[in-house]
Amino acid sequence: MRKEWSYVGDPCGSGDVSTGATTVSANPVNIIADGKSISTLSIGLFDVDGNAVPGMAKSLTTSIKESLASKQTSTTALQVATIGPIEETSPGIYQAVVTLGTRVGTAVVSSWFNDTALPDVTITQSADSSTGHIDSGAIVATINNSVANNIAMNEVKATVTDTGGNPLAETAVTFELSGSATVAAGSSLDVVTDDKGLVSISFINKVAETVTARLQNGNSGSVDTHFIADSASAGIGSGDLR
């Protein structure tokens, strides 16, 4: 059975608020998690005949709950999503401003008319690809001091994040190798981050090298790696004896 909400003092003469006619939405529902982008929550209250029911702002309440993405690993201070007061912007239409936080995940906005729950609205919070960068310490040599025989490989990994510390997936990164280092088989200078914002490169050489990881937008990070002499190929030629 459909429940009807009663109220007192309808200035427009419309009927009771109808659950079946109530609308709840948010616009937009996909937002960058930069701590300042907003979405507008809209609640429409109507009677069974579709007439707007005004004057009900004080009967509406809201709350917001964030769920962070499982891949979130940053220790950057959290800025939570917030929701402002509800205001009637036109007869029967009530709105509140949702300010998103700084973590990738979802923000579920719940609302109530008096003690009766209205449908939830989910807003997706995404990483800000325009601020992609490699923090100091986020590019490391995971395999180092390999033999300089053009076979043994050094490896470098880097994590790409936005200004909020959220990992950036599917972000193009270009590695640069200094000196005479070359990319190892199965690796590439041009790579794309995984869902944790990670990229890696393997390379070979005969001398110590500096590896620079560079993003498309110009931000970069670098790390020094080293190759050691190949003792297996060392020997004494006849011309070395005096």
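The values are calculated or read from the model by the stated rules, or taken from the named source; none is laboratory data. Bear in mind the structure is a predicted one, so any value in this text is a computation, not a measurement. For neighbour counting, all protein chains shown are included, and Cβ atoms are generated from backbone atoms with ideal geometry for every residue, glycine included.
Only one entry in ILE86, ILE139 is surrounded by 16 or more Cβ atoms within 10 Å (Cβ to Cβ) and in the same structural domain as GLY20 (by TED's automatic domain parsing), namely ILE86. Mind listing whichever residues of region 73-107 are part of a strand (DSSP E or B) and closer than 30 Å to ASN51 by Cβ? Hits for region 73-107 are ILE83, GLU87, GLU88, THR89, SER90, ILE93, TYR94, GLN95, ALA96, VAL97, VAL98. Considered as a group, the residues in region 112-145 that are charged (D, E, K, R) and at pLDDT below 95 include one that is farthest from ASN219 (Cα to Cα), and that residue is ASP115. Looking only at residues of region 215-240 that are crowded, with 16+ Cβ neighbours inside 10 Å and within 21 Å of the chain's Cα centre (by Cα), we find that the one that is modelled with the highest pLDDT is GLY221. Flag: SER126 does not match the condition of being of a type in the set (Gly, Ala, Ser) and over 18 Å from ALA26 (Cα atoms).
Please list, ordered by first then second residue, the pairs with beta carbon atoms under 7 Å, 6 or more apart or interchain, first in region 101-112 and closer than 16 Å to ASN27 by Cα, second among the basic types (Lys, Arg) and in a strand (DSSP E or B). Matching pairs, first to second residue: VAL108/LYS65.
Taking region 80-118 as the range and being over 26 Å from the mean Cα position of the chain (by Cα) and of a type in the set (Lys, Arg) as the test, no residue passes.
Kindly establish whether VAL98 is of a type outside the set (Phe, Trp, Tyr) and either buried (at least 19 other Cβ atoms within 10 Å of the Cβ) or touching a residue at least 40 places away in the same chain (Cβ under 8 Å) (or both). Considered against the rule, which asks whether it is of a type outside the set (Phe, Trp, Tyr) and either buried (at least 19 other Cβ atoms within 10 Å of the Cβ) or touching a residue at least 40 places away in the same chain (Cβ under 8 Å) (or both), VAL98 comes out as yes.
When you check VAL48 against the structure, is it outside any strand (DSSP E or B) and either assigned by TED's automatic domain parsing to the domain that holds GLY165 or surrounded by fewer than 17 Cβ atoms within 10 Å (Cβ to Cβ) (or both), yes or no?
The answer is yes for VAL48.
Filtered by the rule that a residue be surrounded by fewer than 20 Cβ atoms within 10 Å (Cβ to Cβ), closer than 30 Å to ALA33 by Cβ and not basic (Lys, Arg), region 142-164 gives THR142, THR163.
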